[in-house]
Amino acid sequence: MKKTFITKMPDETGAFLTASRIIAQAGVNITRVSYNKAVDVHTLFIDVSGTSEQIESVSKELEQCGYLSDNISDANVILLEVKLRNRPGAVIPILEIISQYDFNISYMSSEENGTDYQFFKIGLYVEETGFISDFLEAVSKLCHVSIIQYDKIEKRLDNTVFYLSFANEIATKLSLTQDDTNELITNSNRIMQMMDERNESPYKTFEYIGTFADCLIRYKGDKFQPRISKVTVSDNITLHLIEPPCGSSIYILENLKKEELLFVDSGFSCYREELLRVIHDLFPDFECRKKDVFLTHVDMDHSGALDLFDHVYLSQKSYENFILEHEGKDNYRAMNHLNAPFCKIGDILSGYIPPSLDRLIVLNTRPPEENKPLSHTGTLDFDTLHFDVYEGNGGHVAGETVLVCYEYGLLFTGDIWINSGDLTPEQAEFNMLAPYLMTSTNVDSKKAVKIREEIQTLVSTGRWLVCGGHGGILDIS
């Protein structure tokens, strides 16, 4: 189990040493630390890994010594980098030496990197420079230590005041709980630290995150006015399309004789009530109908309202993704550490909650072939429509799935192929944000191109209605 403690330390010698001893005595490992005294004397982020019982014990101990309180609030500087074993308590001997020489920690940054070691960057405010040589000699007896030049320090300091203000402003706008606010602060800190390490300015990225939040807020309630259209597929089947101002297109196949509905994707969680209002306008007896949904992929803007339906049809990989989320682990997209904080912030802002597992139905009758861009993995029937189910090999995201009905020329592609030429102005504005909120909207862009090319070969002859994850229906003859 992993947890981030946002601690409020007293500005005195040995404060972090006390916290580290508490954590080590419980057998818990520190996996990341970030602190900047220059702009916030008290706030220190500590990521830990251990059992739930161990972490609960640490939480109680830190609370007892006043480090988890709710109150947030120039000398010579030397910046060190020490190489430590990645194990519980490894940093304590270093902190004891710092405390012995009465140096004050002004900056600290560390994160595990998949190896047996962690590199701790520690900034020290030093008034008595005559003790530096003795101090470095003492530290060098315990581990490898190097000095980073002073002029590099400011580039690497977390701008704590900025991201705390940013997170608190968004939390107020969205009425977030304290737990969600803490998660927002933690992941904002991760982005800041990540960009500091790459010597990149984070402010443009935070601007886009703020715009993302503003867009979600702007279309709440009566301002949620999607574009709605429909086409006739057969005598028995009508296809409806709901295009929200933010989030995925939502398709509805209506069986006119049996009053059954099959949805494709479900939009954002934060628009659940707004979507339900639109659905009731289209189908006043919605609650009485048989209503299922097919999920093209697991991204939060497609899977946010799956709880509205009786059954959710999806791929094996998508099912496994939701299991990971229920276990509190990183989902497939967040397994890329560069994407992880952006994914978690998106979940918080959109109110995403993983769907209940008991309504999920896996369609795979065979696993996808890893070396093929697109593999036939199963079938799905809806009245007279017979769909072949194809799964991609993870270009956009693991578990991405396509529905193909050859007889009626129907193709549901999710975000593998979208109709970017027919977006509403609101959709176009919102969709422009996505590439700036993570390294890429695709997990593997080269694979994504191959998958899209493979799908396009399916519509090379005849007439097709291509139903992408965003934009209107594409009519190809």
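Just so you know, all these numbers are worked out from the coordinates, no wet-lab data involved. For clarity, every value in this text was computed on a predicted model and none was experimentally measured. Every residue, glycine among them, receives a Cβ derived from its backbone with ideal geometry; neighbour counts consider all protein chains shown.
Under a model in which nothing but the beta-carbon of Lys, Arg (+1) and Asp, Glu (-1) is charged, the chain shows a dipole of about 580 debye around its Cα centre. So which of K60/K121; K121/K173; K2/K290 end up more than 30 Å apart by C-alpha? Where the Cα-Cα span goes over 30 Å, the pairs concerned are K121/K173; K2/K290.
Per residue, the convex hull spanned by the Cα atoms of region 225-476 amounts to 119 cubic angstrom.
A viscosity of 0.890 mPa s and a temperature of 25 °C, combined with the Kirkwood radius over Cα pairs in Stokes-Einstein, give a translational diffusion coefficient for the chain of 99 µm²/s. Decide, for region 251-296, between rounded, prolate and oblate: order the square roots of the alpha carbon gyration tensor eigenvalues as a ≥ b ≥ c, take rounded if a/c falls under 1.5, and otherwise choose prolate if a/b is larger than b/c, else oblate. Cα axes put region 251-296 in the oblate bin.
Under the combined filter of DSSP loop state and at most 12 neighbouring Cβ atoms within 10 Å, region 291-327 retains these GluC sites (Glu not before Pro): E327.
Helix content alone sets the calculated 222 nm mean residue ellipticity of the chain: runs of n ≥ 4 DSSP H residues at -39500 (n - 2.57) each, divided across all residues, give -10000 deg cm²/dmol.
So what's the gap between the Cα centers of region 260-300 and region 164-192, to the nearest angstrom? Here the two parts' Cα centres lie 29 Å apart.
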